[in-house]
Amino acid sequence: MDVAPRSANDQPALWNGTAGCAWVDAQETLDRMYKPFEDLLVDAILADAPSRVLDVGCGTGATTRAVARRLGVAGECVGVDISEPMLAAARARAARDGVPATFVRADAATHPFEPESFDAIMSRFGVMFFDDPIRAFENLRRAAQAGAELRFIAWRSAEENPFMTTAERAAAPLLPNVPSREPDAPGQFGFANPARVERILEESGWNAIDIWPVDVACTFPESELTRYATRFGPLGRVLQEADDATRSRVVQAVRTAFEPFVHGDEVRYVAACWMVGARAP
């Protein structure tokens with residue numbers, strides 16, 4: 001779920017403000033909705049039996065905790081993110097569940113990780129926001145041991161994910177200032193082009209690149225739909241600035257537009273993504 005920053009420099013402000021708080025508020029719903037991706041990613045990254053895993057863009061920490069739980073005392077999983085509200089939620093959840101995960105507030109693109117300190121690096125929807133992705137993946141490669149696996153999940157195109165753009169399309173006639181999505185720009189669909197992803201990884205020094213499509217059925221309670229549809233994505237940013245009357249009309253239009261995805265008390269859609277893998281030389 002993208003937040004359509006006005007510039008790359010908006011990312012820290014957004015994820016430490018409205019976007020990060022929205023994720024924290026909806027943490028349990030989002031964790032359940034994206035659990036199929038968590039399972040895919042965690043199974044893939046643990047297939048090589050790593051001992052120290054880095055989770056990039058860990059957010060509220062669901063994938064970090066899942067890996068840490070399975071590694072146990074024999075290993076470590078470190079989650080890194082720029083959002084303090086999301087990391088605070090991640091730490092609290094890990095402490096509550098008794099999971100020995102570690103969380104670091106930092107920009108993974110530039111953070112001075114200890115060289116060759118991780119034997120696996122993963123991300124679920126956390127690597128599409130880099131201002132300079134080649135530089136970012138170079139930095140991650142330096143943190144990886146020789147032969148370490150990189151494995152991440154990223155969204156395919158907006159056209160293949162109509163659920164993700166339903167809200168902004170429905171709101172556009174009422175809110176002309178809803179930000180448009182720019183191809184290849186940092187954001188939810190920034191890695192939609194697999195050729196671009198392969199080039200980024202090649203130019204940042206990764207080997208054995210593999211990219212394949214995954215289509216995953218996602219569900220969440222219908223009772224959460226209005227909150228979800230109006231707090232995330234490009235609409236979530238501008239709706240809070242609208243007057244009450246406009247906001248009410250937008251909410252009604254958006255809820256109606258999502259009707260094809262509603263099945264009784266459940267919302268269902270298919271998420272079209274890439275599973276991407278590579279190896280450090």
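The values are calculated or read from the model by the stated rules, or taken from the named source; none is laboratory data. Model, not experiment: these values are computed from the prediction. Cβ coordinates were reconstructed from backbone atoms using ideal geometry, including for glycine residues, and neighbour counts include every protein chain displayed. What goes into the accessible areas is simple: the full protein's heavy atoms, side chains included, and nothing from ligands, DNA or RNA. Shrake-Rupley method; radii C 1.70, N 1.55, O 1.52, S 1.80 Å.
Observations on the structure shown:
- When the residues of segment 240-254 are filtered to those that are surrounded by fewer than 22 Cβ atoms within 10 Å (Cβ to Cβ) and hydrophobic (A, V, I, L, M, F, W, C), the one that is farthest from Arg169 (Cα to Cα) is Ala245.
- Segment 174-187: number of residues that are in contact (Cβ under 8 Å) with a residue 40 or more places away in the chain and open to solvent by 20 Å² or more (accessible area, probe 1.4 Å): 7
- Taken over segment 71-87, the criterion of being open to solvent by less than 50 Å² (accessible area, probe 1.4 Å) and either closer than 25 Å to Ala22 by Cα or in contact with a Lys or Arg (Cβ under 9 Å, 6 or more places away or on another chain) (or both) is satisfied by Leu71, Gly75, Cys77, Val78, Gly79, Val80, Asp81, Ile82, Ser83, Pro85, Met86, Leu87.
- Some residue of segment 154-175 being under 18 Å from Leu54 (Cα atoms), modelled with pLDDT of 95 or more and either charged (D, E, K, R) or in contact with a helix residue (DSSP H, G or I) (Cβ under 9 Å, 6 or more places away or on another chain) (or both): yes
- For segment 117-164, filtering for residues that are open to solvent by less than 10 Å² (accessible area, probe 1.4 Å) and either part of a helix (DSSP H, G or I) or farther than 20 Å from Met86 by Cβ (or both) leaves 11.
- Residues in segment 71-97 that are outside any helix (DSSP H, G or I), over 15 Å from the mean Cα position of the chain (by Cα) and among the charged types (D, E, K, R): 1 in all.
- The single condition from (1) open to solvent by 40 Å² or more (accessible area, probe 1.4 Å); (2) of a type in the set (Lys, Arg); (3) over 13 Å from the mean Cα position of the chain (by Cα) that Arg65 fails is (1).
- Scanning segment 102-109 turns up no residue that is among the polar types (S, T, N, Q), within 27 Å of Ser51 (Cα to Cα), surrounded by fewer than 22 Cβ atoms within 10 Å (Cβ to Cβ) and out of contact with any strand residue (DSSP E or B) (no Cβ under 6 Å at 6 or more places or on another chain).
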